[in-house]
Ligand SMILES: [Zn+2]
């Protein structure tokens, strides 16, 4: 019976399998056939994404404000607009360059 349950559970890559041993009795383990590692990894990523999109942090998700970056970030404080310091530095450098060009055009 354990094999039948585990065959069915293996079809859901993120579902922990059922094991039995003398010490622990019935318990769940995250062990799947090595032939399904990619499916298991993709299922775990999808599960994490779904949990993030519907969890208490969902309201903090924001798209990076540094075009053309298409990443998302968790806005941990109101002034956070970029996914990384690299994107922030790129926006600040762009603004500084634009200011420099503007002042050069005036003089
Ligand atoms: Zn970014």
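The values are calculated or read from the model by the stated rules, or taken from the named source; none is laboratory data. As the structure is a prediction and not an experimental result, all values here were calculated from the model. Note that each Cβ is placed from the backbone with ideal geometry, even for glycine, and that neighbours are counted across all protein chains shown.
Here are a few things to note about the model shown:
- Residue identified as at pLDDT 95 or above, closer than 28 Å to residue 14 by Cα and outside the structural domain of residue 14 (by TED's automatic domain parsing) among 86, 71: 71
- For region 66-93, a residue qualifies if it is farther than 21 Å from residue 54 by Cα, outside any helix (DSSP H, G or I) and within 8 Å of the ligand (Cβ to nearest atom), and the qualifying residues are 66, 69, 82, 84.
- If you go through region 25-65 and pick out every residue that is within 15 Å of the ligand (Cβ to nearest atom) and without any contact (Cβ under 8 Å) to a residue 12 or more places away in the chain, you end up with 1.
- Restricting the search to strands (runs of 3 or more DSSP E) fully inside region 1-65 and requiring at least 1 residues that are in the same structural domain as residue 83 (by TED's automatic domain parsing) gives 61-63.
- Test: residue 96 is within 30 Å of residue 5 (Cβ to Cβ) and away from the ligand (no atom under 13 Å from the Cβ): no
- Positions within region 10-30 being within 23 Å of the chain's Cα centre (by Cα) and surrounded by 12 or more Cβ atoms within 10 Å (Cβ to Cβ), in sequence order: 12, 13, 14, 15, 16
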